[in-house]
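**Student:** My questions will all concern the structure given below.
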Amino acid sequence: MNLIDPKLAATLRHPADLVERGLAKATDLADLERVAARYAVAVTSDIAGLIDTENPDDPIARQFIPSALELVSTPGENADPIGDDSHSPVAGIVHRYPDRVLFKLVHVCAVYCRFCFRREMVGPGKATALSEAAYRDALNYIREHQEIWEVILTGGDPLMMSPRRLAELIEALDAIDHVAVIRVHSRVPIVDPGRVTDELVAALRPRRASVWLAVHCNHARELAPVTRAALARLADAGIPLMGQTVLLAGVNDDVATLEQLMRALVSARVKPYYLHHPDLVRGTGHFRVAIARGQALMAALRGRLSGLAQPTYVLDVPGGHGKVPIGPAYLGDDPDALTVRDAFGETHRYPL
Ligand code: SF4
């Protein structure tokens, strides 16, 4: 089934192109070819334009330009770190919690993030989308399971579908009475904002169900004016926007960067939703941050940002056991004297 819009011409997909554009070093080319043979590479023109080629530690480059470090695996890493496969009753569906399913329809993205938790599913040689028969079976599964209240379109990136195919899908889900909420997880408005056309926005407006859009954004510099305009088109259409961020070493693992990002998201009418602890994905050890560090960053954010701008720090428990909040604790553990720590680190007694 050809679900993918053909307009991808300007995207850089080969290490040699990255070298030619000055986004990677010629001396690294052989290593990068080895990485690209294993994990997909794609850098949109919007993202390429944001990269500071003078800065060897540029946080945008670090997310999208391949590195030889991806060839290094560390203990505990695996191909399916969040256990999707163990909860998949039919192809394309992950049914982990009774009231909601993931619907993984397309296996391609506008960019390929170097830390991606589904990198083994969207890599070279993988199918680009579900077959027509598997698509019908997945929809039937949702129809037959009345307990499904929310369908989460993920992937790959569901906004890689053409607006026409996306509209057909949203209409099919809207026709299932027990589906109240359709949630779309996408990086497209951030990395390829030109795809957020009026037609695409219209496709996200069903007659009955609510559509929510979670956008993946890791650094304030990703919110360029053209991206903010795309987000405004979505928000103006009445689509609630949420932000998902992955905590990444060398990208956003300091409090000033996170604060700036959360403020930029809220200013763009995107409610910060999750700050994900990085998953145990093969070849991504160089992005991993200690949980204690993530908790310290969250505690620091609490003193700097309003509740509106606070994400929940979450960990996907390996093995398919779902997400749990892992933010810092504010209550003391003395059973005789309840104590609570305030946003600035001071402890106070609370009457029992
Ligand atoms: S857009 Fe999402 S699914 Fe695609 S590579 Fe990035 S993190 Fe992975």
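**Student:** Which members of the stretch 141-157 meet the condition of being in contact (Cβ under 8 Å) with a residue 40 or more places away in the chain and either away from the ligand (no atom under 13 Å from the Cβ) or among the hydrophobic types (A, V, I, L, M, F, W, C) (or both)?
**Tutor:** Result: Tyr141, Ile142, His145, Glu147, Ile148, Trp149, Glu150, Val151, Ile152, Leu153.
**Student:** Please list, ordered by residue number, the helices (runs of 4 or more DSSP H) wholly in the stretch 16-66 having 1 or more residues that are surrounded by fewer than 15 Cβ atoms within 10 Å (Cβ to Cβ).
**Tutor:** Counting at least 1 such residues, we get 29-38, 45-50.
**Student:** Scan the stretch 275-293 and report the pairs whose first residue is touching a residue at least 40 places away in the same chain (Cβ under 8 Å) and at positive phi and whose second residue is surrounded by 18 or more Cβ atoms within 10 Å (Cβ to Cβ) and in a helix (DSSP H, G or I), with Cβ atoms within less than 6 Å and a gap of 6+ or a chain change.
**Tutor:** Taking only residues 6 or more apart or on different chains, the pairs are Gly283/Glu70.
**Student:** Give me the residue from the stretch 158-195 that is under 16 Å from the mean Cα position of the chain (by Cα) and basic (Lys, Arg) and, out of that set, nearest to the ligand (Cβ to nearest atom).
**Tutor:** Arg187
**Student:** Between a residue in the stretch 107-132 that is in contact (Cβ under 8 Å) with a residue 12 or more places away in the chain and within 12 Å of the ligand (Cβ to nearest atom) and any residue that is acidic (Asp, Glu) and outside any loop (DSSP other than H, G, I, E, B), which pairs come within a Cβ distance under 7 Å, given they are 6 or more apart or on different chains?
**Tutor:** Arg114/Glu70
**Student:** Criterion first (farther than 30 Å from Leu32 by Cβ and modelled with pLDDT under 95) does Gly303 satisfy it?
**Tutor:** In short, yes.
**Student:** Now a separate question. I'd like the full set of residues that are small (Gly, Ala, Ser), in a loop (DSSP other than H, G, I, E, B) and out of contact with any strand residue (DSSP E or B) (no Cβ under 7 Å at 6 or more places or on another chain), limited to the stretch 80-133.
**Tutor:** Gly83, Ala91, Ala110, Gly123, Gly125, Ala127, Ser131 - these are the residues of the stretch 80-133 that are small (Gly, Ala, Ser), in a loop (DSSP other than H, G, I, E, B) and out of contact with any strand residue (DSSP E or B) (no Cβ under 7 Å at 6 or more places or on another chain).
**Student:** Looking at Gly49, is it within 16 Å of the ligand (Cβ to nearest atom) and within 23 Å of the chain's Cα centre (by Cα)?
**Tutor:** no
**Student:** Additional query: Those residues that are touching a Pro at 6+ places or on another chain (Cβ under 6 Å), buried (at least 21 other Cβ atoms within 10 Å of the Cβ) and more than 22 Å from Val255 (Cα to Cα), I need them from the stretch 191-223; list them, please.
**Tutor:** Residues satisfying the conditions are Val196, Leu200, Ala203.
**Student:** Moving to a separate point now. Residues that are at positive phi and at pLDDT below 95, at least 3 per element: which helices (runs of 4 or more DSSP H) completely within the stretch 161-274 meet that?
**Tutor:** none
The values are calculated or read from the model by the stated rules, or taken from the named source; none is laboratory data. Fair warning: this is a prediction, and the values are worked out from it, not measured in the lab. We place every Cβ from the backbone using ideal geometry, glycine too, and count neighbours over all the protein chains shown.
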